[in-house]
Structure formats: structure tokens, C-alpha cells
1. Need the failing condition index for residue 12 against (1) within 16 Å of the chain's Cα centre (by Cα); (2) touching a residue at least 40 places away in the same chain (Cβ under 8 Å); (3) closer than 16 Å to residue 86 by Cβ, just the number.
2. Pull up region 24-66, narrow it to residues that are assigned to a loop (DSSP other than H, G, I, E, B) and at pLDDT below 95, then point me to the one that is surrounded by the most Cβ atoms within 10 Å (Cβ to Cβ).
3. Condition test on residue 132, is it surrounded by fewer than 15 Cβ atoms within 10 Å (Cβ to Cβ), at pLDDT below 95, under 25 Å from residue 25 (Cβ atoms) and assigned by TED's automatic domain parsing to the domain that holds residue 113?
4. Would a scan of region 78-92 turn up a residue that is touching a Gly at 6+ places or on another chain (Cβ under 6 Å) and either closer than 22 Å to residue 126 by Cβ or not hydrophobic (A, V, I, L, M, F, W, C) (or both)?
5. List pairs: first in region 84-97 and assigned to a loop (DSSP other than H, G, I, E, B), second among the acidic types (Asp, Glu) and at pLDDT 95 or above, Cβ under 6 Å, 6+ apart or cross-chain?
6. Go through 58, 50, 54 for me and flag whichever is under 18 Å from residue 204 (Cβ atoms) and touching a residue at least 60 places away in the same chain (Cβ under 8 Å).
Amino acid sequence: MSPISSGCEKTLQVGVVLPWPPFVFDGEQALTGIDVEISRLVLTHAGFCSQFVSLPSSKRGLVELEKGRVDILTAASFNQQRAQYSHFSTPYRREKMRLFWYEDAKYLTHDLASLLAQQKTIAVNNGGYYGKEFEQLSKVTNNKDLLVRVPLLKHRLYMLKAKRVDFMIDDEISGLYLISQEKIPGITLHPYVIHDNPIHFMLSKKTVTMDNVRSINAAIIDMQSNIKQIIASYTY
């Protein structure tokens, strides 16, 4: 947890799931990573202090935000259910959700529905949002046992490595980064893109005002070149 800075009008509690490289790292002195650095940059520019709160899962983060026990979640995809209890900021980056697998030529042209129809098992984040297609398919009774919900990316990756599942769905940047760091050969990206969407901050309607949201949105727009530099420093 990072220390609270002095001299700010308001300190916002920012919930993050640890670890989620390269977006969130637990450093020796303070948290770091793409989303942590962008959060600090934007909130400071908007006139706020920030305190980062470690969360065990994305699902828990949504509960904490709805109850107002954290003010902000990073890396959020918009959907109507979440919008009932949170404001969404202007997007600050994009996210591609991809299928990771050990390549098998028989399934190169399959989409998500076809893979599930073939009884393929898929590790997914508990509480993650993967778009409308995934949301609809996940409600089909025959698919529920095929979607294995695991909170941490590293655990999902090692389930795939051990071939306890056939695929995992994850953010393209974080998945490729961890595969490289763990030096796991053979796992690649399936051609089918699950979801390509803008990423926002979610802000609790219980604790964050619309004036606060407008300040944060203005900071995101002002800091676009700096945000791009932060992302590039971790991915190139």
C-alpha cells in the first residue's frame, strides 16, 4: 500500500489486483506497473492524492467499489450492470482479450462458440469482463463447466501449461509478458480475438462526485502523450 501524500484536497483509494504484470507489480518500496503509473499520473494532474489497496480478485474489487470501500478500480471495461453503481472515466488505454493455447491446426479457424461446442475448457478470470459474446455464451448451461474461473493470471497460465485446460483468455499484453518472464515455450495466441475494447477507470458513485470525474477525464486527455510513453516503456 502506498503512503498518503499531504496537501491534496482528496485522497482516493485505488483498488488493484496483485500481481498482474506488467500492469501491477509489488515493488520493494511501492507498487509499480502500467496501470499504477497511469493512475498516479492522472490523479496527481487532476489534483488528487492516491492510496493503492491490494485486492484478492477482480470480483472482490467490484464488491468493494459498489460498497464505497474503494473509490477507483483500474483496467475496467464498460457494461450496463457496472454502470449502475459506478461512473466510467474517459478511456485511458485499449485492451485486447485473446485466447492463449498450444496450437492445434484443427482449431485454427474456430471462434469461441465453436470451441465450446467442441467441449474445450477455458481458464478465465473470476470477475473479468470479456464482451457480450462471452457473456451470452457463459450463460449457456452446457458451457458453464467448460469455463474454469481462476482469480490470478499466473495460476491460469500454469493450468494451461499443465494442460489442465485447453485455453486461457487473458489480456494480450499481460499474457505475452508473463509467458516471456516465465520462459514457457509453445503457448501462442489463437487468431480469434475475444474482445477489443477501450479501458476506463471505474469510480464509485458512493464516494466520487461528477466534479471529481470531470477533473479526472480532463487529466486523461491532457496526459495522453505521457500515458503512451508509460505503456511503451513496459511493452517495447
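1. Condition not satisfied by residue 12: (1).
2. Of the residues in region 24-66, the ones assigned to a loop (DSSP other than H, G, I, E, B) are 27-30, 33, 46-48, 56-57.
From what is left, the residues that are at pLDDT below 95 are 27-30, 56-57.
Numbers: 27: 10, 28: 5, 29: 7, 30: 13, 56: 12, 57: 17.
Among those residues, the one meeting the criterion is 57.
3. Numbers: surrounded by fewer than 15 Cβ atoms within 10 Å (Cβ to Cβ): yes; at pLDDT below 95: yes; under 25 Å from residue 25 (Cβ atoms): no; assigned by TED's automatic domain parsing to the domain that holds residue 113: yes.
In short, no.
4. Within region 78-92, none of the residues are touching a Gly at 6+ places or on another chain (Cβ under 6 Å) and either closer than 22 Å to residue 126 by Cβ or not hydrophobic (A, V, I, L, M, F, W, C) (or both).
5. Partner pairs satisfying both residue conditions: 85/66.
6. Working: 50 fails: touching a residue at least 60 places away in the same chain (Cβ under 8 Å); 54 fails: touching a residue at least 60 places away in the same chain (Cβ under 8 Å).
So the residue among 58, 50, 54 that is under 18 Å from residue 204 (Cβ atoms) and touching a residue at least 60 places away in the same chain (Cβ under 8 Å) is 58.
To keep it simple, each residue is scored yes or no on (1) without any contact (Cβ under 8 Å) to a residue 24 or more places away in the chain; (2) more than 26 Å from residue 83 (Cα to Cα); (3) over 21 Å from the mean Cα position of the chain (by Cα).
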| residue | (1), (2), (3) |
| --- | --- |
| 143 | no, yes, yes |
| 153 | no, no, no |
| 161 | no, yes, yes |
| 189 | no, yes, no |
| 197 | no, no, no |
| 207 | no, no, yes |
| 211 | yes, no, yes |
| 214 | yes, no, yes |
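Listed here are the residues, each with its yes/no results for (1) among the aromatic types (Phe, Trp, Tyr); (2) part of a helix (DSSP H, G or I); (3) over 24 Å from residue 16 (Cβ atoms).
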| residue | (1), (2), (3) |
| --- | --- |
| 142 | no, yes, yes |
| 157 | no, yes, no |
| 168 | no, no, no |
| 202 | no, no, no |
| 207 | no, no, no |
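The values are calculated or read from the model by the stated rules, or taken from the named source; none is laboratory data. Quick caveat, the model's predicted, so the values are computed rather than measured. No Cβ is skipped: glycine too gets one built from the backbone with ideal geometry, and neighbour counts run over all protein chains shown.
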